[in-house]
Amino acid sequence: MKKMSISVLFILFGICVLAIAQTQKFGEALHGLYAYKDFQKATYCRQCHVEIYYQWQKSMMAQAFVHPWDEIEYFDLAVSHGRRNPKFKPVADGCNGCHAPISFMAGDTPPPRPEKKSMANEGVSCDVCHTIVSFNQNEQYNFSFFAKPGRTKYGPRGGKNSPAHDIVKSDLITKPEFCANCHNEKSPWGVWVKATYNEWKEGPYSKEGVVCQTCHMPKAAGKRAKTENKLYDDLKQHTFHGGHFQAKYNGAIDVLIYPDTDFVEPGMKTKISVYLYNQKCGHKVPTGSVEDRLLYLHVEAIDSKGNVYHLKVDKKGFQGEEYTIASREKAYQDFAEMMDVPADFDGIIREDVPVGDRIFRMPYFTENGIMTIAQWNTAKFGVDYRIAPRETKVETYTWTVPDTVAPGPLTIRATLYYQLLVRPVAQFLKVPESESMDRMINTDVVTIDVIY
């Protein structure tokens, strides 16, 4: 009798576990599970969480749907692609799982454009992150979370309930896996088109307990809400600052330049070495939307009369290196699959930086081998020539000093630049210039003498 009772208990326990698992829908199963009315706007939270609200408002979390490039990429490329080729319709809908989660969970896909001011404009808001109760424990990618909107909000501290909501302590929100649900992404071909979490996990910081929230949600003294008197000395700031913020990208990579001589003369061959050290980022640089980003090193020599000489990087000879040296080659011909283009469209210039400069990137390719900026159209990758955490890359520049160089001091400068979106794509799609302008990461100079 006792054995039978124990068996029955195990069966009942198993049924309960299965029932819970079935109610927690991850990823695409979240589509249309709730209604807009189930979620609060961030301005509602602002009534008590004033400082936290304004930190969030400035972040890319708040702009995940309304940011100009995101709007153009989604509506003019992804949605359009889905209409032209139905196999991409679910993928285009899925973009909202991370860029407009409330819209996705309300089943409103594609949502109205930002100018319509729907709930999609909330982006990744308070009532998204603080209603997540679980996520797929097997692998986190493509919005693999389960949210349960309502009066209960989940946070790292717990505490007394407020008039606005109940509070439940949850350690999930402190885990890097929490971030992985959207900062890891697979394309329809099963390749990791976003892998910031994977890069962190494979790198040194994961072994040292330095997580996403350590760098992107720094601690500071403050109050959780204006209704609470307690002052915390380790309150997580909701800045979420990353590659769009000057505070993050300035100095992200160390740049150091060294000559092989103290002096040169016309006709003499010299070699300049540039060392690039990623000592600050817990993931590769660039990361995230790697298909969009452009990180490049420009080296030039300036003589005593102000004449400027561009130095081109020495080739290393690795497979796929041609994609890591600036050229005037064309790419992105798959725009013709997504939008109306002239009949003779044969792509656009791959990058608009000085020919011969070194580029740190991983090119994305369609199944037909076309270089693309559409992560949903990506079937394979080229060489991964990005800078990993605590990795040092060394680039050399062999230069034969021209006869035209003026005598006196010769300044050689190495500058690392970053574009959030490769410039020819931004110009072609009429994306605001701020997205493709050169942002200086770091620079270094060395001076040698020119003698005759």
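The values are calculated or read from the model by the stated rules, or taken from the named source; none is laboratory data. Just so it is clear, the structure is predicted and the values come from calculations on it, not from any experiment. A quick note on method: Cβ atoms are made from the backbone with ideal geometry, for glycine too, and the neighbour counts reach across all protein chains shown.
Condition first: over 18 Å from the mean Cα position of the chain (by Cα) and either in a loop (DSSP other than H, G, I, E, B) or surrounded by fewer than 19 Cβ atoms within 10 Å (Cβ to Cβ) (or both). Can you find one or more residues in region 179-188 that meet it? Yes, there is a match, as at least one residue in region 179-188 is over 18 Å from the mean Cα position of the chain (by Cα) and either in a loop (DSSP other than H, G, I, E, B) or surrounded by fewer than 19 Cβ atoms within 10 Å (Cβ to Cβ) (or both).
Looking at region 209-267, which of the residues that are touching a Ser or Thr at 6+ places or on another chain (Cβ under 8 Å) and aliphatic (A, V, I, L, M) is farthest from Thr196 (Cα to Cα)? Looking at residues that are touching a Ser or Thr at 6+ places or on another chain (Cβ under 8 Å) and aliphatic (A, V, I, L, M), I get Val264. When Gln137 is tested against (1) closer than 27 Å to Phe39 by Cβ; (2) surrounded by fewer than 16 Cβ atoms within 10 Å (Cβ to Cβ); (3) under 27 Å from the mean Cα position of the chain (by Cα); (4) modelled with pLDDT of 95 or more, just one condition goes unmet, and that condition is (4). If you check Lys248, Lys271 for being more than 22 Å from His49 (Cα to Cα) and assigned to a helix (DSSP H, G or I), only one passes: Lys248.
Can you tell me which residues in region 292-319 are touching a residue at least 24 places away in the same chain (Cβ under 8 Å), surrounded by 13 or more Cβ atoms within 10 Å (Cβ to Cβ) and of a type in the set (Lys, Arg)?
First, the residues of region 292-319 that are touching a residue at least 24 places away in the same chain (Cβ under 8 Å): 292-305, 307, 309-314, 318-319.
Next, only the ones that are surrounded by 13 or more Cβ atoms within 10 Å (Cβ to Cβ) stay: 292-304, 307, 309-314.
Correct list: Arg293, Lys312.
Where helices (runs of 4 or more DSSP H) fall entirely within region 33-125, those with at least 1 residues that are of a type outside the set (Val, Ile, Thr) and under 20 Å from Ala225 (Cβ atoms) are at 42-46, 50-58.
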